[in-house]
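Heads up: the structure comes next, in structure tokens.
No lab work stands behind these numbers, since they all come straight from the coordinates. Treat the numbers as computed from the prediction; the structure is a model and nothing was measured. Here the Cβ positions follow ideal geometry from the backbone for every residue, glycine too, while neighbour counts run over all protein chains shown.
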Amino acid sequence: MITMQHLSPQEIYKLMATYIVPRPIAWIVTQNEEGLINIAPFSYFAPLSSTPPSVVVSIGHKEDATPKDTLANIRKSKKATICMVPQEFMERMHLSSKALDANVSEAEFFDIPTIEKIQEFAPMVEGVSVAFFCELLQEIDLQGSSTVPLVLEIKHTFVADNPQTPIARIGRSYAAIGEALKAPTLGE
């Protein structure tokens with residue numbers, strides 16, 4: 001038995017990231033007040049409710065303890081566009097996890113094309129087959145946490161005609177979702 005209070009935050013993260021799998025990846029697109037596009041992936045992300053349609057994503061801080069650009073942008077604009085990551089975008093998605101200066105756009109720096117679908121929201125990554133256009137519903141204050149959980153309400157959803165299966169995070173690796181397993185029948 002592992003007592004969590006005896007572990008460092010890094011050990012807790014490693015334990016949770018290793019065994020809470022697979023984790024979907026929210027490839028979040030936001031814009032700052034000047035319209036600069038920020039794109040970053042987050043795997044502490046999950047559906048929360050269907051009424052209202054909402055997800056939760058936990059966003060950490062930069063090494064200097066200031067909010068990551070994604071968090072700062074969502075706090076100011078109250079909006080985010082979450083793209084689900086198809087396998088063909090894995091390399092660019094992974095590159096976009098690199099910390100850049102706040103005045104540098106991941107879209108430009110890593111050559112990630114975007115397309116505007118709904119004027120009042122940040123654009124989506126062009127070529128992804130599923131995107132959720134969200135508004136900030138609630139920020140959760142977890143005392144002493146290194147992350148800030150945000151509840152985002154899904155206002156609009158884009159689904160391509162032939163949606164691709166998104167990749168997931170498993171530990172420190174990525175995974176393609178494979179064979180679907182049929183659920184056993186329940187006894188009457």
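Evaluate the charge dipole of segment 4-166 about its Cα centre and quote only its size in Debye, nearest 20, assuming +1 on the Cβ of each Lys and Arg and -1 on the Cβ of each Asp and Glu.
Working: 12 positive and 20 negative charges, 94 e Å.
About 440 debye.
Let me check against my output: what whole-number percent is the relative contact order of the chain, with C-alpha pairs under 8 Å and at least 6 apart?
Numbers: 355 pairs, mean separation 47.1, N = 188.
Rounded, it is 25 percent for the chain.
Beyond 19 Å, how much of the Cα-Cα pair distribution for segment 4-166 remains, as a whole percent? Show your work: numbers first, answer last.
Values: 7165 of 13203 pairs.
Everything past 19 Å amounts to 54 percent.
How large is the helix-only mean residue ellipticity at 222 nm for the chain, computed as the sum of -39500 (n - 2.57) over DSSP H runs with n ≥ 4, divided by its residue count, in deg cm²/dmol to the nearest 500? Please list the in-between numbers first.
Working: 4 runs with 30 residues, N = 188.
Roughly -4000 deg cm²/dmol at 222 nm, from the helical runs in the chain.
Over segment 1-106, what is the relative contact order in whole percent, taking alpha-carbon pairs under 8 Å and six or more residues apart?
On the way: 131 pairs, mean separation 30.5, N = 106.
Relative CO of segment 1-106 lands at 29 percent.
Between segment 122-163 and segment 1-48, what is the separation of their alpha carbon centroids in Å?
13
With charges only on Cβ, +1 for K and R and -1 for D and E, what is the dipole size of segment 22-107 about its Cα centre, in debye, rounded to 20? Let's see the in-between values first.
Details: 9 positive and 9 negative charges, 69 e Å.
Dipole of segment 22-107, to the nearest 20 debye: 340 debye.
Based on other C-beta atoms within 10 Å, arrange Leu36, Leu7 from fewest to most.
Numbers: Leu36 17, Leu7 13.
Final ranking by Cβ density, sparse to dense: Leu7, Leu36.
Take the cross-link list Lys76/Lys117; Lys76/Lys98; Lys78/Lys182; Lys79/Lys182 and give me the ones stretching past 31 Å between alpha-carbons. Write down the numbers at each step before the final one.
Numbers: Lys76/Lys117 21 Å; Lys76/Lys98 22 Å; Lys78/Lys182 40 Å; Lys79/Lys182 37 Å.
As for pairs spanning more than 31 Å Cα to Cα, those are Lys78/Lys182; Lys79/Lys182.
Students often check this: by mean Cβ neighbours within 10 Å, which of 98-105, 150-157 ranks highest, and how do the rest follow?
Numbers: 98-105: 12.4, 150-157: 18.0.
The densest-packed peptide leads the list: 150-157, 98-105.
Using just the Cα positions, wrap segment 122-188 in a convex hull and report its mean projected area in square nanometres, one decimal place.
Values: hull surface 36.7 nm².
Over every viewing direction, the Cα hull of segment 122-188 projects on average to 9.2 nm².
Rank Ser145, Gln31, Ala160 by how far each Cα sits towards the positive end of the charge dipole of segment 4-166 (+1 on Lys, Arg Cβ; -1 on Asp, Glu Cβ) and give me just the farthest.
Going by the Cα projections, it comes out as Ser145.
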